[in-house]
Amino acid sequence: MDYFTKRRILHFFFPNRCPVCGEILHCNDKFCEKCTENIEYYDGSFQINGAVSFNAFYVYNEKINPAIFLMKDGICGNADFALGTELAEHLIKKGVKADIIIPVPMTKSAIRKRGFNQSILLGRQLERVMNIPLYADIVRKIRSTSAQKSLSRDERLVNLKNAFEVSQPEIIRGKSVLLIDDVCTTGSTLAEITEVLMKSGANEVHCAACCKTL
């Protein structure tokens, strides 16, 4: 059974909804027409230290926040589909190519508390659309860190130092890696993981996030 057939069946029992406003949609729609018009799309220029590219699709603000929050809470099954599919199609248009996809990891305790890693949910959508394999366990977060949003840029860099490791460097050695996250603010997390990937033998790293703060 293919992916969209499963969505049609699930839609019969659990109607697909817009992850921003909750309006019922067609089974394969991402957002309702009104929210699609209201959402702001990111067209800025941003660089991640060590990465060859950075791309984001949405501006992170109150117009897209509900979808991000729903995905983090695991409430709306359409949020990862909508956000991940749009990001994947955007990356294809931008000509981003990679050998493997790696999601920004969470600690084991954080995953137990939440039940899942939202970056992995996004990664599965990118894997499906871009036909690039997802490796969810290659990069691990080996220690808990303070919430990034409460720290200054310099504090974020210190906070993340030595927080990540590559468990299977042989898989990424010589590969082009697409590193993904849900939201990028200062880029500190992406930069730290990019450095770890390059030191572990990656040929290059492309970074991407669904949303970028202004």
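In this structure, is E89 within 16 Å of C207 (Cα to Cα), under 12 Å from the mean Cα position of the chain (by Cα) and open to solvent by 10 Å² or more (accessible area, probe 1.4 Å)? Explain how you work it out, then say what you get.
Details: within 16 Å of C207 (Cα to Cα): yes; under 12 Å from the mean Cα position of the chain (by Cα): no; open to solvent by 10 Å² or more (accessible area, probe 1.4 Å): yes.
No; evaluated as a whole, the condition is false for this residue.
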Would you be able to say whether some residue in region 103-117 is modelled with pLDDT of 95 or more, of a type outside the set (V, I, T) and more than 12 Å from the chain's Cα centre (by Cα)?
no
Out of (1) surrounded by 16 or more Cβ atoms within 10 Å (Cβ to Cβ); (2) of a type in the set (V, I, T); (3) outside any strand (DSSP E or B), what's the single condition that is false for I101?
(3)
(1) surrounded by fewer than 23 Cβ atoms within 10 Å (Cβ to Cβ); (2) over 27 Å from A163 (Cα atoms); (3) not β-branched (V, I, T): which one isn't true of A67, the others all being true?
(1)
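Which of the following residues is at positive phi, touching a strand residue (DSSP E or B) at 6+ places or on another chain (Cβ under 8 Å), open to solvent by 20 Å² or more (accessible area, probe 1.4 Å) and of a type outside the set (D, E): G44, G50?
On the way: G44 fails: at positive phi.
Sole residue among the options that is at positive phi, touching a strand residue (DSSP E or B) at 6+ places or on another chain (Cβ under 8 Å), open to solvent by 20 Å² or more (accessible area, probe 1.4 Å) and of a type outside the set (D, E): G50.
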Scan of region 5-41 for residues that are assigned to a strand (DSSP E or B) and either free of Cβ contacts under 8 Å to residues at least 40 places away in the same chain or surrounded by fewer than 18 Cβ atoms within 10 Å (Cβ to Cβ) (or both), ordered by number:
I24, Y41
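Restricting to region 169-214, and then to whatever is of a type in the set (G, A, S) and assigned to a strand (DSSP E or B), can you tell me which residue is farthest from K141 (Cα to Cα)? Please lay out each step first, then the result.
Residues of region 169-214 of a type in the set (G, A, S): 174, 176, 187-188, 191, 200-202, 208-209.
Imposing the further condition that a residue be assigned to a strand (DSSP E or B) reduces the set to 176, 208-209.
Numbers: S176: 21, A208: 19, A209: 18 Å.
Among those that are of a type in the set (G, A, S) and assigned to a strand (DSSP E or B), it is S176.
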Selection within region 72-92 - aliphatic (A, V, I, L, M) and farther than 20 Å from F4 by Cβ:
I75, L91
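Results for (1) open to solvent by less than 70 Å² (accessible area, probe 1.4 Å); (2) modelled with pLDDT of 90 or more; (3) under 29 Å from A67 (Cβ atoms), shown as yes or no for each residue.
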| position | (1), (2), (3) |
| --- | --- |
| R128 | no, yes, yes |
| R143 | no, no, no |
| Q148 | yes, no, yes |
| L151 | yes, no, yes |
| N159 | yes, no, yes |
| A163 | yes, no, yes |
| V166 | yes, yes, no |
| I180 | yes, yes, yes |
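The values are calculated or read from the model by the stated rules, or taken from the named source; none is laboratory data. None of these values were measured; they are calculated from a predicted model. Every residue, glycine as well, gets a Cβ built from its backbone with ideal geometry; the counts of neighbours run over all protein chains shown. Just the protein is used for accessible areas: all its heavy atoms, side chains included, with ligands, DNA and RNA removed. Shrake-Rupley method; radii C 1.70, N 1.55, O 1.52, S 1.80 Å.
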